[in-house]
Amino acid sequence: MRMNYCYYYYAITTGARALNKLAWTAAFSAAPALPRVKKRDAPRRASKPFVDAASALVQGGDGGRGSLALAKRGGSGMSPPDGGNGGKGGGVYVEAAAGVRDLSGITALYRADNGGHGGGDGMYGRRAKDVVIQVPLGTWAEVYRVDDDGDKSWDDAGGDLDFEVSQSAHATFEVPVLTLDLSTAGERHLVAAGGVGGLGSRSKGSRHRSRIALNTMPGFLRDKQLDPEDSVRQAAMGGAGESVRLSLRLKTLADIGLVGAPNAGKSSLLRAISTARPAVADYPFTTISPMVGSVVCPPDGAMLSVADVPGLLRGASMGKGMGIDFLRHVERAPFLAFVVDVCADPHEVVEWLLTELAAYDESLVSRPRLVVANKVDLPEGRERARELREGLPSEEVIAVSALTGEGMGELIRTMRRMLESQVVDWKARDYDPVALAKKKLM
Ligand SMILES: Nc1nc2c(ncn2[C@@H]2O[C@H](COP(=O)(O)OP(=O)(O)OP(=O)(O)O)[C@@H](O)[C@H]2O)c(=O)[nH]1
Ligand SMILES: [Mg+2]
C-alpha cells in the first residue's frame, strides 16, 4: 500500500513539472519578438555643454621638514648633526594640450603634494610630484595672488570650498601677477611653485645659520622650552607652497571668425565650406558655443580654420541676446567674415554689427573683413546682393548661398587671398604667444 502511494506521488509531481515546462515554452514561443532598437535610432545622449571660462584655487605643495637628528655614535663626545633635508613640494603647471576641447574638466581646487620629511642618517625627503592642469589651445590664463592673511586656505575652510569658489579673482585682486596665452601645443608654465624643503641638521646652510646653536646641539635638543624663533628650527621648516587663483578663458584660435545676426546662415556656411557639422535650424541662437571648421583650399590643399560663434543681436553690448562676451572667440582671428541675410536689411545689419564689435574691442572694427551676402537663392536675392555691393563700395562683398553651394568657390578663394595678404602683418604685430606668455603685469 505504502509503495502505491509513493508511486502515485512520484507520477503526479513529475507530470505537473512537465506540464509547467510545456506551458512556459508555449507562452514564450507564441510571444511576439521584441523589436530591436537600431543604434542610430536610439535616443542620443545630450552632449556635454561647452565650457569656455573657469576658475580654480591652485596650491603648490609645502616643502618637507628637514631632520634635526644627530648621528648615533658610541662613546663620549658630541654627536655630529646628521639630519637630511626635506623634499621640495610639488608645483602646479598649466599646459596647452591639443586634445582638450574645452574647460569643462577644470575642477575647483588643484593641490600638489607636500615634500617628504628628511630623516636621520642624512636621508633626504621625497620630492613631491608636480600637478599639470591641461587646457585647450587658445586658453588665456590669468594668475592672481591669493592673500595669505585675507583669504582662507583649503585647510582653514575645513574642506569647504564654497568660500573660495564663490569669490571671483577679479573681485578680490584686480591685477593678475601673470598672464599667459596658451596657444602652442605642449607649452607649459608654472603657476604655483612648491615650497622648498627644510634644511636638515647635516646641511651646511643649517649649520651656517645656527653656528651658536650648533655648539650646544645636544642640550638644545633636550630642552623642551625651545625658542620658536630659533634659527635651526626655522631653517628646518619647509617653505609653504604658493597659493594662487587661476582664471581661465578660452579664446578660440581660428584664421577667420564668422560674425552675424542669428539665422543669417553662419553655421550653414561653415557646413558648406568645411567638414565641421554645426547644428542648423531656422530659429535664433541655434549655435550657443563656438565651433571651428577646417577648410581645404584648392588647388594645393592649404588649410584655413573658420570659427562659427553664436549670433549677435543689435544691442548685444547692452546685454541683449547672448551679449557680446562670446566675441572673444573671434577676437584673435586675423580676419573676420560678416555673414548677412541678403533679404533682411543687410546694409543696416553691417552698420550695427560694427557698432557692437566696437563696443567689445575697437580693434575688431579695423580688422580686415569680408561681407558674405548669404541666401541669394531666395527670390530677389541676387538683386539685393547687387544693391548691397553698390551700397558698400568700400567693403568686399561676396554673394553666396549656403543652401545651394553657389559662390562657395569664390568665397574660399577670397578668404585665402585676404588672409595671405593680411595675416603676416597682423600676426607679427599682435599675435606673439611667446611674448604674451612672458608678459608679467606686476
Ligand atoms: N534659403 C536659404 N536658407 C538658408 C541659407 N543658409 C541658411 N539658411 C537657413 O537659415 C536658417 C538659419 O541657418 P543657420 O545656419 O542655423 O543660421 P546661423 O546664423 O548659424 O544662426 P544662429 O546659430 O542662430 O546664430 C536655417 O533654416 C537654414 O536652413 C541659404 O543660403 N538659403
Ligand atoms: Mg549657428
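The values are calculated or read from the model by the stated rules, or taken from the named source; none is laboratory data. Not measured: the values here are computed from a predicted model. Glycine gets a Cβ as well: all are built from the backbone with ideal geometry, and neighbour counts include every protein chain shown. Areas reflect the complete protein model, heavy atoms only, side chains present, ligands, DNA and RNA absent. Shrake-Rupley method; radii C 1.70, N 1.55, O 1.52, S 1.80 Å.
Summary table
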quantity	calculated
All strands (runs of 3 or more DSSP E) inside the range 48-140 with 3 or more residues being in contact with a helix residue (DSSP H, G or I) (Cβ under 9 Å, 6 or more places away or on another chain)	53-59
Lone qualifier among GLY257, GLY241 - being more than 8 Å from ligand 1 (Cβ to nearest atom), assigned to a strand (DSSP E or B) and modelled with pLDDT of 90 or more	GLY257
Some residue of the range 44-55 being of a type in the set (Val, Ile, Thr), farther than 30 Å from GLY119 by Cβ, open to solvent by 20 Å² or more (accessible area, probe 1.4 Å) and modelled with pLDDT under 75	no
The range 305-323 residues that are modelled with pLDDT of 90 or more, paired with ones that are of a type in the set (Lys, Arg) and open to solvent by 20 Å² or more (accessible area, probe 1.4 Å) (beta carbon under 7 Å, 6 or more apart)	LEU313/LYS320
Residues of the range 342-354 that turn out to be under 30 Å from the mean Cα position of the chain (by Cα) and open to solvent by 10 Å² or more (accessible area, probe 1.4 Å), as a count	1
MET291 vs. criteria without any contact (Cβ under 8 Å) to a residue 40 or more places away in the chain, assigned by TED's automatic domain parsing to the domain that holds LEU392 and more than 15 Å from ligand 1 (Cβ to nearest atom)	no
Residue ID - modelled with the lowest pLDDT, chosen from residues in the range 82-98 that are farther than 23 Å from PHE326 by Cβ and surrounded by fewer than 24 Cβ atoms within 10 Å (Cβ to Cβ)	ASP82
THR172 open to solvent by less than 50 Å² (accessible area, probe 1.4 Å) and either modelled with pLDDT under 90 or over 30 Å from ALA235 (Cβ atoms) (or both)	no
Test result for VAL339, within 28 Å of the chain's Cα centre (by Cα), part of a strand (DSSP E or B) and within 13 Å of ligand 1 (Cβ to nearest atom)	no
Hits in the range 310-336 - residues which are within 15 Å of ligand 2 (Cβ to nearest atom) and in a loop (DSSP other than H, G, I, E, B)	PRO310, GLY311, LEU312, LEU313, GLY321, MET322, VAL330
Filtered residue count, the range 273-284, keeping only those that are open to solvent by 40 Å² or more (accessible area, probe 1.4 Å) and either touching a residue at least 60 places away in the same chain (Cβ under 8 Å) or within 6 Å of ligand 1 (Cβ to nearest atom) (or both)	3
Residue list for the range 388-410, restricted to those being of a type in the set (S, T, N, Q) and open to solvent by 40 Å² or more (accessible area, probe 1.4 Å)	SER394, THR404
Meets criteria (within 30 Å of ALA399 (Cβ to Cβ), at pLDDT 85 or above and in a loop (DSSP other than H, G, I, E, B)) for ARG277	yes
Unique residue being open to solvent by less than 70 Å² (accessible area, probe 1.4 Å) and out of contact with any Pro (no Cβ under 6 Å at 6 or more places or on another chain) when the list is LEU270, LEU312	LEU312
Answer residue from the range 285-309, given it is in a loop (DSSP other than H, G, I, E, B) and near ligand 2 (Cβ under 9 Å from one of its atoms) and is surrounded by the most Cβ atoms within 10 Å (Cβ to Cβ) among those	VAL309
